[in-house]
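Scroll down for the structure; my scribbles are underneath it.
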Amino acid sequence: MRTQRTRVEYRPGQWLARTDLEAQAVTSSELLDLHQARVHDTWGIATGFDCTLDAVGLNLGPGIGLDALGRTILLAAPRHLLLPPSGNAVLVAAFAEHLHGDACVPGLPVEAPVVRWRMPDEVRAGLEVPLVALRRTAGAAPTLDRTVRKRAQKVIRPRIATGRVQRASVPVQGTYGSWTMAVSTAAGGLSSPSPVYFVTLDQHPWGDLANFGDTEPPPLEQRLAQWVGPFIAVEGTGPTGFAVRVSGDLGDWHQGNYPEPGTNPVGLSWVGIDTTFIVPARWSVFGGTDLISFLNFGGFR
């Protein structure tokens, strides 16, 4: 795939040659391939490519797949292939660099992949999509192993949600020395049983912007120098919310019998991350070619 390309542009009244339209088609196709390879980060069989044995060979059904470069591997009509003369083998499909003629319509090129048998350790994973493996055992008929089929699966990334709670907007339980507040995250759309939450207080809970209501606190310099904390803990996490607890040692203020704030003295911001998502697994053909090593080689990543 080219790393440098020129956008094809036209002007009103311009005469177009066949090469102009071909250049536009090539550019559009390459940009789509790049999008599929880099954005969706998936390759393999999208649909079809069913394989069955008969008395003389293998029947391969139509199918659509993608290789590691994002190129579409399209087989529009069934094919019948002879089996290799001996040993185990893997049937693979690869993108055809050039179109081939149609025997039914002379001169008309058609989209068709390159389908061939490979030795297990010769499969070029990523550039070739494994469709099925042929296994032979002494004294037994050949069998098909479909566990080697590499399917194109979308990468599901974790959902991230954010939110903010305004100061003095939510009831709290406890005192200024230790208060707990329930935070709703239902609007974030998190779905895992136990998301991970990160919480940041918008202001210092005992600073000059804190809401002490009708209670008179010590001077700012004194309480910040003498009071210990704050300590913040996130508890009771779930897909629709969590509880945050803010605590500390406020010294002998009110003789240790700290007043109740009633509502949250400060605002807070939170970030929630779903902890259950699909990670693409490492894949190999009979222990031969390691997918991760292959994609790292040659600059595909």
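The values are calculated or read from the model by the stated rules, or taken from the named source; none is laboratory data. All of these numbers come straight from a predicted model, not from anything done at the bench. We place every Cβ from the backbone using ideal geometry, glycine too, and count neighbours over all the protein chains shown.
Quick check on ALA125: is it under 30 Å from ILE45 (Cβ atoms) and of a type outside the set (D, E, K, R)?
Values: under 30 Å from ILE45 (Cβ atoms): yes; of a type outside the set (D, E, K, R): yes.
In short, yes.
Here's the yes/no breakdown for (1) modelled with pLDDT of 90 or more; (2) not in a loop (DSSP other than H, G, I, E, B):
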position: GLY213; (1), (2): no, no
position: ALA225; (1), (2): no, yes
position: TYR258; (1), (2): yes, no
position: PRO261; (1), (2): yes, no
position: PHE277; (1), (2): no, no
position: LEU295; (1), (2): no, yes
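Modelled with pLDDT under 95 and outside the structural domain of ALA94 (by TED's automatic domain parsing), is that true of ARG167?
Answer is yes for this residue.
How do the strands (runs of 3 or more DSSP E) wholly within region 49-100 filter down when requiring 1 or more residues that are under 26 Å from the mean Cα position of the chain (by Cα): which remain? Spell out how you get there, then give the answer.
On the way: elements: 51-53, 57-60, 63-66, 72-75, 79-82, 89-94.
Strands (runs of 3 or more DSSP E) meeting the threshold: 63-66, 72-75, 89-94.
Any chance region 197-209 includes a residue that's without any contact (Cβ under 8 Å) to a residue 60 or more places away in the chain, part of a helix (DSSP H, G or I) and more than 13 Å from LEU250 (Cα to Cα)?
Pass one, region 197-209, residues without any contact (Cβ under 8 Å) to a residue 60 or more places away in the chain: 206-209.
Next, only the ones that are part of a helix (DSSP H, G or I) stay: none.
The answer is no; no qualifying residue exists.
Taking the condition of being surrounded by 13 or more Cβ atoms within 10 Å (Cβ to Cβ) and farther than 17 Å from VAL148 by Cα, how many residues in region 65-97 meet it?
13
With the structure loaded, tell me whether VAL115 is modelled with pLDDT of 90 or more, closer than 24 Å to VAL26 by Cα and not in a helix (DSSP H, G or I) or whether it fails that test.
Details: modelled with pLDDT of 90 or more: yes; closer than 24 Å to VAL26 by Cα: yes; not in a helix (DSSP H, G or I): yes.
Judged against the criteria, VAL115 is a match.
Is it the case, given these coordinates, that PRO205 is surrounded by fewer than 17 Cβ atoms within 10 Å (Cβ to Cβ) and not hydroxyl-bearing (Ser, Thr, Tyr)?
Values: surrounded by fewer than 17 Cβ atoms within 10 Å (Cβ to Cβ): no; not hydroxyl-bearing (Ser, Thr, Tyr): yes.
Against the criterion (surrounded by fewer than 17 Cβ atoms within 10 Å (Cβ to Cβ) and not hydroxyl-bearing (Ser, Thr, Tyr)), PRO205 does not qualify.
Hey, ASP20 hits all of (1) in a strand (DSSP E or B); (2) not assigned by TED's automatic domain parsing to the domain that holds ALA133 but one; which does it fall short on?
Result: ASP20 fails condition (1) only.
Tally time: how many residues in region 263-275 are surrounded by fewer than 18 Cβ atoms within 10 Å (Cβ to Cβ), of a type outside the set (Gly, Ala, Ser) and assigned to a strand (DSSP E or B)? Spell out the reasoning first.
Filtering region 263-275 down to residues surrounded by fewer than 18 Cβ atoms within 10 Å (Cβ to Cβ) leaves 263, 269, 271, 273, 275.
Subsequent filtering for residues that are of a type outside the set (Gly, Ala, Ser) retains 263, 271, 273, 275.
Going one step further and asking which of them are assigned to a strand (DSSP E or B), we end up with 263, 271, 273.
Adding up the residues that qualify gives 3.
Since LEU250 meets every condition but one in (1) surrounded by fewer than 17 Cβ atoms within 10 Å (Cβ to Cβ); (2) more than 41 Å from the chain's Cα centre (by Cα); (3) not aromatic (Phe, Trp, Tyr), which condition does it not meet?
(1)
Is region 218-232 home to any residue that is touching a residue at least 24 places away in the same chain (Cβ under 8 Å), surrounded by fewer than 17 Cβ atoms within 10 Å (Cβ to Cβ) and within 36 Å of the chain's Cα centre (by Cα)?
Yes, the conditions are met somewhere in region 218-232.
Say whether the condition of being assigned to a strand (DSSP E or B), within 37 Å of the chain's Cα centre (by Cα) and either at pLDDT below 90 or aromatic (Phe, Trp, Tyr) (or both) is met by at least one residue in region 233-243.
Keep residues of region 233-243 that are assigned to a strand (DSSP E or B), which gives 233-238, 241-243.
Imposing the further condition that a residue be within 37 Å of the chain's Cα centre (by Cα) reduces the set to 233-238, 241-243.
Within this subset, residues satisfying the condition of being either at pLDDT below 90 or aromatic (Phe, Trp, Tyr) (or both) are 242.
Yes, region 233-243 contains at least one residue that is assigned to a strand (DSSP E or B), within 37 Å of the chain's Cα centre (by Cα) and either at pLDDT below 90 or aromatic (Phe, Trp, Tyr) (or both).
Of the residues that make up region 147-157, is at least one of a type in the set (A, V, I, L, M, F, W, C), without any contact (Cβ under 8 Å) to a residue 40 or more places away in the chain and not in a strand (DSSP E or B)?
No; the residues of region 147-157 include none that is of a type in the set (A, V, I, L, M, F, W, C), without any contact (Cβ under 8 Å) to a residue 40 or more places away in the chain and not in a strand (DSSP E or B).
Cβ-Cβ distance below 6 Å, separation of 6 or more or different chains: which pairs start in region 20-43 with a residue that is at pLDDT 70 or above and end on one that is among the β-branched types (Val, Ile, Thr)?
Hits for this filter: ALA23/VAL8; GLN24/VAL8; THR27/VAL8.
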